[in-house]
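Sharing a structure here in structure tokens format.
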Amino acid sequence: GENVEQHPSTLSVQEGDSAVIKCTYSDSASNYFPWYKQELGKRPQLIIDIRSNVGEKKDQRIAVTLNKTAKHFSLHITETQPEDSAVYFCAALGRDDKIIFGKGTRLHILP
Amino acid sequence: KAGVTQTPRYLIKTRGQQVTLSCSPISGHRSVSWYQQTPGQGLQFLFEYFSETQRNKGNFPGRFSGRQFSNSRSEMNVSTLELGDSALYLCASSLKTSGEQFFGPGTRLTVL
């Protein structure tokens, strides 16, 4: 069945450095790729998304890139801040409009 | 607009019992999806309802079922509870299936 692999499962970066989280998907029909952030004890919230007709999208310190040929997409956070500490989930919307989430990346921003 | 609400927020049950969880979507949203969240497994898709019809289903046993009412409110039911069903159950609503999902606060179910 459809699958989304997310790496790494845990990531620690120094405050001010960049963080990169990578996901691969199996369904070549996938055309929508959202990223959600879940802070401790809170609900997941959409932070950025990209559709298959573009290769990159940026919103202030966060950006997402998509490589359809390789079936992978990545989240880039620059100039990390303490409030970026959270669990990040990638997802892919595939055939039959089914959204499949990755298992999440726990990002720690070190002071 | 009020956000997605879920009731109850916490629930403790024993093995073999059944449970019903409720989700009220954002006004105007017709799609409601349910997810099970456990440590290490991320968000696992249970099912999605749109206009009272189940559109998609994840890989969960038949003990997990759901429904959606004409006002888009949704319920999910788990019968014959097992210890492994202990998890945070999240519902999410969206205007359309391929749009942004707005999550509720979740119901934390503990099975003893």
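The values are calculated or read from the model by the stated rules, or taken from the named source; none is laboratory data. Note that the coordinates shown come from a computational prediction; the quantities given were computed from them, not determined experimentally. Glycine gets a Cβ as well: all are built from the backbone with ideal geometry, and neighbour counts include every protein chain shown. For the accessible areas, the whole protein counts, side chains as well, though only heavy atoms, and no ligand, DNA or RNA atoms are used. Shrake-Rupley method; radii C 1.70, N 1.55, O 1.52, S 1.80 Å.
Looking at segment B:55-86 only, could you name the residues that are surrounded by 13 or more Cβ atoms within 10 Å (Cβ to Cβ) and within 14 Å of chain A (Cβ to nearest Cβ)?
Selection gives B:ARG55, B:ASN56, B:LYS57, B:GLY58, B:PHE60.
On to the next question. Residues in segment A:76-97: is at least one within 10 Å of chain B (Cβ to nearest Cβ), open to solvent by 30 Å² or more (accessible area, probe 1.4 Å) and out of contact with any helix residue (DSSP H, G or I) (no Cβ under 8 Å at 6 or more places or on another chain)?
For segment A:76-97, residues within 10 Å of chain B (Cβ to nearest Cβ), open to solvent by 30 Å² or more (accessible area, probe 1.4 Å) and out of contact with any helix residue (DSSP H, G or I) (no Cβ under 8 Å at 6 or more places or on another chain): present.
Say whether the condition of being within 15 Å of the chain's Cα centre (by Cα) and buried (at least 19 other Cβ atoms within 10 Å of the Cβ) is met by at least one residue in segment B:2-12.
The answer is yes; a qualifying residue exists.
Find the residue count for segment B:11-64, including only residues that are in a strand (DSSP E or B) and closer than 27 Å to B:LEU95 by Cα.
28
Which of the residues that make up segment A:5-34 are assigned to a strand (DSSP E or B), open to solvent by 10 Å² or more (accessible area, probe 1.4 Å) and among the aliphatic types (A, V, I, L, M)?
Within segment A:5-34, the first condition is being assigned to a strand (DSSP E or B), and the residues that meet it are A:5-7, A:10-14, A:19-25, A:32-34.
Now narrow it down to the ones that are open to solvent by 10 Å² or more (accessible area, probe 1.4 Å): A:5-7, A:10-14, A:20, A:22, A:24-25.
Selection gives A:LEU11, A:VAL13, A:VAL20.
Quick one: in segment B:24-42, of everything that is over 14 Å from B:PHE102 (Cα atoms) and crowded, with 16+ Cβ neighbours inside 10 Å, which residue is nearest to the other protein chains (Cβ to nearest Cβ)?
Of segment B:24-42, the ones over 14 Å from B:PHE102 (Cα atoms) are B:36-42.
In the following step, the residues that additionally are crowded, with 16+ Cβ neighbours inside 10 Å were identified as B:36-37, B:42.
Numbers: B:GLN36: 11, B:GLN37: 9, B:GLY42: 4 Å.
Among those residues, the one meeting the criterion is B:GLY42.
Considering each residue of segment A:35-72, count those that are open to solvent by less than 70 Å² (accessible area, probe 1.4 Å) and among the polar types (S, T, N, Q), and give that number.
Number of matching residues: 4.
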